[in-house]
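Presented below is the structure to which this report refers.
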There are 2 protein chains.
Amino acid sequence: MKKTSLNDIAKALGVSKALVSLVLNNRGDEMGINKETQRKVIKMAAKLNYKPNLVARGLRLGASKNIGVIIPDISNPFFARIARTIEDEAGKLGYHVTFVSTDENPQKESRLIRLMLERQSDGLIIASSQPNTADILNLRRDNVPFVLIDRYFPQVKTNYVVVDNHKAAYNVVTHLINLGYRKIALVKISPEYLTPIRFRLAGYRDALRDHGIRYDKHIVREIPFGEGLANQMEPMMHDLLFRPLSVEAVFFLNNSLALAGLEVINRMNLRIPQDVAIVSFDDIDVFRLFHPPVTAVAQPYREMAKEAVRILVKEIQSPHKRNEKSQMVFAAKLEIRRSCGFYK
Amino acid sequence: MKKTSLNDIAKALGVSKALVSLVLNNRGDEMGINKETQRKVIKMAAKLNYKPNLVARGLRLGASKNIGVIIPDISNPFFARIARTIEDEAGKLGYHVTFVSTDENPQKESRLIRLMLERQSDGLIIASSQPNTADILNLRRDNVPFVLIDRYFPQVKTNYVVVDNHKAAYNVVTHLINLGYRKIALVKISPEYLTPIRFRLAGYRDALRDHGIRYDKHIVREIPFGEGLANQMEPMMHDLLFRPLSVEAVFFLNNSLALAGLEVINRMNLRIPQDVAIVSFDDIDVFRLFHPPVTAVAQPYREMAKEAVRILVKEIQSPHKRNEKSQMVFAAKLEIRRSCGFYK
DNA sequence: GTGAAAGCGCTAACAT
DNA sequence: ATGTTAGCGCTTTCAC
């Protein structure tokens, strides 16, 4: 059973497909087409179970009404939330969304950017894992509407929506220091060139410095993104938490690190916060549920996603002034819970 | 700056676009096109930054190489995992994927199915929230390749990939009974007509019956899908856990329910499993990390997603024998942890 | 070896 | 008030 096209309806009725197109796009009245004719067209469309071919329409109109969203991993709760909000907000504006996951792999990301463009996405939202700006500069040169989210490139003028990672990390460390902790370890994830990681690290260093604590590279650690996270966490935590390092607090730079770290700490039968205090970046739901609840930096992901869509769609719809770029920096909120020994 | 098309390359070289198309699709040798000409075409394509328009190609070829995935909520970890695996597996077979979320809303699901078809998806993977089979029957009538996942319709012959929910729930309850629990509450989510919910409930009833325990409707509860979950959980837990009901164990029928329930139980300062034992369906990562770790039913989501893609792509690629339908029922695994008082 | 032409389904401009 | 035509970018058939 072949799909019904405009032509099939036109033939069945002995009219032209242009007329059918107009009627079905609710432009019948505007074009002064006979009410009765319109009725017949609509009826026949229903009878033949007509579904417009949006691909053909997109080809004709030069717009797909599709937004490509390129993120590291749709199964990471932080990005899943952002993705979901983007989906909803884009829907309100008449766009649908295609998500793809890069696994923090720059080559894969390049391929996926290309794929989205070949599939004629009208614009892109990207949480980029690129170490350099080549792809981004290409997009800009080609006048492709896009918005960076979560990560950006300070040296390039683009649209972006991020949080103030430096300040957020600074606040975390200050909070810990105020509670009396001095030996504060930091566990980050590679690739380390990403702006969120770099700025969080800088916030950590600056907070230490401003409180007269020396930066100690031995208690700043890194784990590569990927599956083996749990395995590497175990020896690392042993190393940090026992002599000679004996850190008092650990600041995890994202939610996956914190989850892996918590699992290890539980296995080691250490108490939080008595034996070690814990803070994480990214406030995922379950942090509230742990024993004790985990202090974490909450990013306003809804607002971020919403803004990203708003900026993108605006740029898509005004092809003329594509050189006005928007930069949005949101404040993150430190959700203080009991894992660092302070009870709200 | 306009996008480069085949025609632009053809003109720049004074050849026909047919030739360019052949060369760029690596069919130059096969068609015996001059090596030197091929080289020039490829060079010019690179110089003009040519990107094939996959939409136009799809229109011509009648295949988009796209799979539509329709699920309740991409930000639910269970579906996010499935989605991610589908993305990877489809990618291996040369397909890309579009995810959309229905929020368990049947009308929204109908609209999204239609949208995916209008966007010319070659096939669909659906975790359906429909109370009836109308949409499914339409899809079948129109010969659209699709695979149901997680939920299915027993009265309709379709492809589907699910777990044996009855058996899994039966095992959960049997496990609890063997540990000595008698008053076992069940908390389910609406819509209740979904096969997983129905079969899990049936498994619960059958296990009780087989062990000579009377089914008590007062300790079988339901919460509607949506935002207000936490609010409704609180009074419900009070009701179940204190007199006169005083249940000894609670079986949550999915991960969101269990998370909300755990939060309330923590707030009530009850101990797990001493005051109440807990089991959940869906084994999400964090269950391992709770104090105590939560016993849960693990679905083999990787295998399920992989099978769904395999079945779908096979059907897409063999338009002739579309009436051979595959039904896959996977066994779920009960991950026994300490939340029900049994220590492995 | 290469080119010309047709056509996928649609819509906009132009005719009548 | 309705129809005709052209063309979006691509691939395929057939002709030279």
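Odds and ends about this structure:
- Filter result (open to solvent by 70 Å² or more (accessible area, probe 1.4 Å) and within 13 Å of DNA strand C (Cβ to nearest atom)) within the stretch B:1-12: B:Lys11
- Residue in the stretch A:251-271 that is over 28 Å from A:Asn105 (Cβ atoms) and either more than 14 Å from chain B (Cβ to nearest Cβ) or of a type in the set (Ser, Thr, Tyr) (or both) present: no
For every residue, the table says whether it meets (1) more than 24 Å from A:Gly226 (Cα to Cα); (2) outside the structural domain of A:Asp283 (by TED's automatic domain parsing); (3) at pLDDT 95 or above.
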site	(1), (2), (3)
A:Val15	yes, yes, no
A:Ser21	yes, yes, no
A:Asn25	yes, yes, no
A:Glu36	yes, yes, no
A:Ala63	yes, yes, no
A:Ser75	no, yes, no
A:Ile82	no, yes, yes
A:Thr98	no, yes, yes
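- Those residues of the stretch B:138-150 which are away from chain A (no Cβ under 13 Å) and without any contact (Cβ under 8 Å) to a residue 24 or more places away in the chain, in sequence order: B:Leu148
- If you check B:Ala46, B:Ala83, B:Ala63 for being closer than 22 Å to B:Pro145 by Cα and either within 16 Å of DNA strand D (Cβ to nearest atom) or of a type in the set (Asp, Glu) (or both), only one passes: B:Ala63.
- Residue pairs meeting the criteria (Cβ under 8 Å; at least 6 apart or on separate chains; first of a type in the set (D, E, K, R), in the stretch B:14-35; second open to solvent by 60 Å² or more (accessible area, probe 1.4 Å)): B:Lys17/B:Asn7
- Against the list (1) more than 9 Å from every other protein chain (Cβ to nearest Cβ); (2) in contact with a strand residue (DSSP E or B) (Cβ under 9 Å, 6 or more places away or on another chain), the condition B:Thr133 fails is (2).
- Taken over the stretch B:13-47, the criterion of being open to solvent by 60 Å² or more (accessible area, probe 1.4 Å), more than 8 Å from DNA strand C (Cβ to nearest atom) and not basic (Lys, Arg) is satisfied by B:Asn25, B:Asn26, B:Asp29, B:Glu30, B:Ile42, B:Ala46.
- Looking across the stretch B:287-344, the residues that are without any contact (Cβ under 8 Å) to a residue 60 or more places away in the chain, touching a helix residue (DSSP H, G or I) at 6+ places or on another chain (Cβ under 9 Å), open to solvent by 50 Å² or more (accessible area, probe 1.4 Å) and farther than 22 Å from B:Val147 by Cβ come down to B:Arg288, B:His291, B:Lys333, B:Lys344.
- You will find that of B:Ala56, B:Ala18, B:Ala45, B:Ala63, the residue that is within 14 Å of chain A (Cβ to nearest Cβ) and out of contact with any helix residue (DSSP H, G or I) (no Cβ under 6 Å at 6 or more places or on another chain) is B:Ala63 and no other.
- Helices (runs of 4 or more DSSP H) fully within the stretch B:186-274 counting 2 or more residues that are open to solvent by 60 Å² or more (accessible area, probe 1.4 Å): B:195-210, B:229-241
- Within the stretch A:96-129, the set of residues being away from chain B (no Cβ under 12 Å) and open to solvent by 20 Å² or more (accessible area, probe 1.4 Å) comprises A:Glu104, A:Asn105, A:Pro106, A:Gln107, A:Ser110.
- Considering (1) in contact with a Phe, Trp or Tyr (Cβ under 7 Å, 6 or more places away or on another chain); (2) under 27 Å from A:Pro72 (Cβ atoms); (3) open to solvent by less than 60 Å² (accessible area, probe 1.4 Å); (4) within 14 Å of DNA strand D (Cβ to nearest atom), the lone condition that B:Ile71 does not fulfil carries the number (4).
The values are calculated or read from the model by the stated rules, or taken from the named source; none is laboratory data. Everything quoted here is computed from the prediction, not taken from an experiment. Here the Cβ is made from the backbone with ideal geometry for all residues, glycine too, and neighbour counts use every protein chain on show. Heads up: the accessible areas ignore ligands, DNA and RNA and are worked out on the full protein's heavy atoms, side chains in. Shrake-Rupley method; radii C 1.70, N 1.55, O 1.52, S 1.80 Å.
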